[in-house]
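Each value in this text was obtained by applying a stated rule to the coordinates, not by laboratory testing. Since the structure is predicted, the reported quantities are computational estimates derived from the model, not experimental observations. As a convention, Cβ positions derive from the backbone with ideal geometry for all residues, glycine included, and neighbour counts pool all protein chains shown.
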2 protein chains.
Amino acid sequence: MNVSNAPRANAVIGQSGGPTAVINASLVGVIEQACQYAEIRNLYGAVHAVNGIVNEQFIDLKTVSRGELELVASSPSSALGSSRDKPDQAYCERIFEVFKKRDVRYFFYIGGNDSANTAHIINEMAARVGYDLRSFHVPKTIDNDLLVTDHCPGYGTAATFVANALMGDDLDNRALSGVKIDVIMGRHAGFLTAASALGRQRDDDGPHLVYVPEHGVSMDQFVSDVEAVYRRLGRCVVAVSEGIADTDGETWAKKLADNAEVDAHGNIQLSGTGALADFLSGQVKEKLGIGRVRADTFGYLQRSFAGLQSRVDASEARECGRQAVEFSMQYESGSVAMIRTGDGADYGVRYERTDLSSVAEKTKSLPRAFINAQGNHVTDAFIQYALPLTGGLVKTGYLGNRPRV
Amino acid sequence: MNVSNAPRANAVIGQSGGPTAVINASLVGVIEQACQYAEIRNLYGAVHAVNGIVNEQFIDLKTVSRGELELVASSPSSALGSSRDKPDQAYCERIFEVFKKRDVRYFFYIGGNDSANTAHIINEMAARVGYDLRSFHVPKTIDNDLLVTDHCPGYGTAATFVANALMGDDLDNRALSGVKIDVIMGRHAGFLTAASALGRQRDDDGPHLVYVPEHGVSMDQFVSDVEAVYRRLGRCVVAVSEGIADTDGETWAKKLADNAEVDAHGNIQLSGTGALADFLSGQVKEKLGIGRVRADTFGYLQRSFAGLQSRVDASEARECGRQAVEFSMQYESGSVAMIRTGDGADYGVRYERTDLSSVAEKTKSLPRAFINAQGNHVTDAFIQYALPLTGGLVKTGYLGNRPRV
């Protein structure tokens, strides 16, 4: 709903869920744009997201120096602190009470689909009692699984990390041959695992096999795929999603987990453990008798590695923050969505407001068109989609394929 | 021994052992300097190190274009391929036979202390029969454990990777509090684990605890250290070497390993498994009852991550390669050593030839002066030593410590 007369009042901003490398760029985008509007009096940063709101742990963001803001914008993780709290109706009422008490009429919440839902619940609460609240969600997730937007801030940098990791790891595997298995974040969506293929430059570059959660694979098929590559090249690099599932749809990680730890959102905790990687390398060793089999689980480095940002991702994340403020001057609620306007050399996006309800509590999967027919690699269509988000990858050199003298 | 009349003959270069981010910079340094000397006729690159020599798998390095050489110099891993073969006397005789057959009188071998030993054995073999062989070792290792040289090419970039990882991970841990344990490469030497502390900027920045192989710690002490930090800060980030040992001197990894895999050098294979990380996080969870405990094992990313090189490390690695060629025109054998000429803003090194025997089969440990009294962190002396090798680290921003309003 397009509304006029933006109120002159205070604003709250929070960062929720798992950090990314550019969620702070979005934060700084909101701050710098909020400073352009007299309508926004104080800009309160909620420390540890909704938790900081209900406990009134706020900092004054309009007093942060430009220099410090730029340091924050280039730093990974959530500079305000984050939270895994998933507010229910009662929790949202406490938030709303604080908003009324502090005359907060602008709410910017950077996060995934759960955060969009929180913004949505509070917005409806305010609407019911005629309280003019502008409630906006700024998208963020390395999983790239939000609806409406073409892609999510945070994904491009995580994809760059994973691509660089696999480029290096593939060169390492060329130097000392064997089977290498890399387990990559993404419980349900395979976008990040698929990014492992973005840096391939030579025909025989790895990853040679890519397994995403969207396409179940039996252990026999997995081992047989590895064997075929190993026979052909004398080595094999495999990218596997932490959420990879068997053909019956159950994840291998779940099958392994005796004491699966479940977070407040009902997600099973898969990161921070090498169990899946060790299991997969054990299967390959045992069934194929290959001596050198190694496995790494990339873990939190994928979302929080200092000094690495995709230029495109950082710039888009910041603009998403700015646009949320722009939209808040005209609309009562919404989420910021990027619409792709061109591909390849013409890559670009425009920014649109979309309803919170279109993003809240929903996720998308890696499209079937991005997965090859056998379900063990990505397609060119995926590369076309994802490569621009990295802002370009480095080229590498390798000499071992040259003719012998 | 200083010799004159460098022979006009062919040269062989090889890269051995675990890859690093700058071993290719050393390779390119050798190539470009070898091209300056008419004494070096053909420059053969041995594919997969000594394995490529005995099997005569050579490529012609003087025909590689300048553009491709620069791509190689900036790429991680060993562009010629590597090998874990540790040549004995019989193996070295086969190498020497190929050298004689192909009129090879210059041998450049980039690697660790085992590689220096290989160069040494072959050099003595040649000396015994009066064959003029110039045998040179170029230092390389992320472990930084070679003697004579102030530090080793490869370490500065691996240290930068680990420092950036911990900077990001510490910010992540601030956002979502808990205990985070990071397991870092280095079986016997703690230099790389110690590098986890290089990026600390604020008093309460992690890592809050650093455990290196040189100082044994009991599980009770480890858990008690974590508890003390967690009580003080509400969170704790721990850097642990894969080679961390109990007070009885036995590594925890070995205690855990039922089927320890042993490589040809007698080293137990600790990388590529999450067992130690999972064990440590399990201990903290169980004994302290802290809900959010996570652990990552950094794995091969530490040595082979595309797009990341310490400027200082890459430049020194290349110069070590060049210097090996320079020394080969004047001496019959040696290893290249860097001697530090200044610290801090005056940081610099000069390059010296040292005897192969002073480097071969020897290792150094993290000096006691680099480890704090309690054995659970590094000292300022270590920071002074290691920080220049990164070429400077990024600064980060964090807002959660600001006053509440």
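Couple of notes before you dig in:
- Among B:Ser333, B:Ser365, B:Ser77, the order by Cβ neighbours within 10 angstrom, fewest to most, reads B:Ser365, B:Ser333, B:Ser77.
- Residue exposure sequence - B:Ser281, B:Ser358 - by fewest surrounding Cβ within 10 Å: B:Ser358, B:Ser281
- Phi-derived couplings, Karplus 6.51 cos²θ - 1.76 cosθ + 1.60 at θ = phi - 60°, listed residue by residue for region A:16-26: 10, x, x, x, 9, 7, 10, 5, 6, 5, 5 Hz, with x used for Gly and Pro.
- Phi-based couplings in Hz for region A:138-148 (Karplus 6.51, -1.76, 1.60; Gly and Pro marked x): 10, x, 7, 4, 6, 6, 6, 10, 7, 7, 6
- Burial ordering of A:Leu80, A:Leu69, A:Leu147, fewest other beta-carbon atoms within 10 Å first: A:Leu147, A:Leu69, A:Leu80
- Placing a pseudo-label 7 Å from each Cα along the Cα-to-Cβ vector at A:Ala90 and B:Tyr131 gives an inter-label distance of 8.4 nm.
- Residue among A:Val12, A:Val312, A:Val129 with the largest mean-square fluctuation in a Gaussian network model of chain A, springs linking Cα atoms under 10 Å: A:Val129
- Chain B: calculated mean residue ellipticity at 222 nm from DSSP helix runs of at least 4, using -39500 (n - 2.57): -10500 deg cm²/dmol
- Under 5 Å, built H, 5+ apart or other chain: amide partners of A:Val237: A:Lys180, A:His208, A:Leu209
- Distance between the C-alpha centres of region A:322-382 and region B:1-72: 49 Å, rounded to the whole angstrom.
- Springs join every pair of Cα atoms under 10 Å in this Gaussian network model of chain A, and among A:Ala195, A:Ala277, A:Ala127 the largest mean-square fluctuation is at A:Ala127.
- Two-site label geometry, A:Thr247 and A:Arg232: point separation in nm, points 7 Å out along Cα→Cβ: 2.1
- Degrees, to the nearest 10: A:275-288 long Cα axis against longest axis of chain A: 20
- Look at the stretch A:21-32: the mean tally of other chain Cβ atoms within 10 Å of its residues' Cβ atoms is 1.
- Once backbone amide H atoms are built at 1.01 Å from N, A:Val138 has A:Tyr109, A:Ile110, A:Gly111 as its partners under 5 Å, excluding neighbours fewer than 5 places away on the same chain.
- Mean-square fluctuations from a GNM of chain A, with a 10 angstrom spring cutoff on Cα atoms, peak among A:Ile53, A:Ile23, A:Ile184 at A:Ile53.
- Model label sites at A:Asp60 and A:Arg311, defined 7 Å from Cα along the beta-carbon direction, differ in position by 3.8 nm.
- Computed from the C-beta positions of A:Ile339 and A:Gln36 and an R0 of 22 Å, the FRET efficiency is 0.40 to the nearest 0.05.
- Three-way shape call for region A:1-103 based on the alpha-carbon gyration tensor, with the a/c threshold at 1.5: oblate
- Residue-averaged beta-carbon neighbours from other chains (10 angstrom radius) around A:154-161: 1
- Charge dipole (chain A, unit charges on Cβ, about Cα centre) - positive-most of A:Leu301, A:Leu399, A:Val54: A:Leu399
- Qualifying lysines (Cα of each under 25 Å from Cα of B:Lys395; at least 8 residues distant if same chain): A:Lys62, A:Lys140, B:Lys180
- Contour excess over end-to-end distance, with Cα ends at A:Gln221 and A:Glu286 and 0.36 nm allotted per residue: 21.9 nm
- Between the beta carbons of B:Asp355 and B:Arg8, assuming R0 = 22 Å, the FRET efficiency works out to 0.30 to the nearest 0.05.
- Label spacing, shortest first and in nm, from B:Thr363 to its equivalents in the remaining copies (7 angstrom along Cα→Cβ): 4.2
- Angle between chain B longest axis and helix B:219-233 axis [Cα atoms, degrees, rounded to 10]: 60
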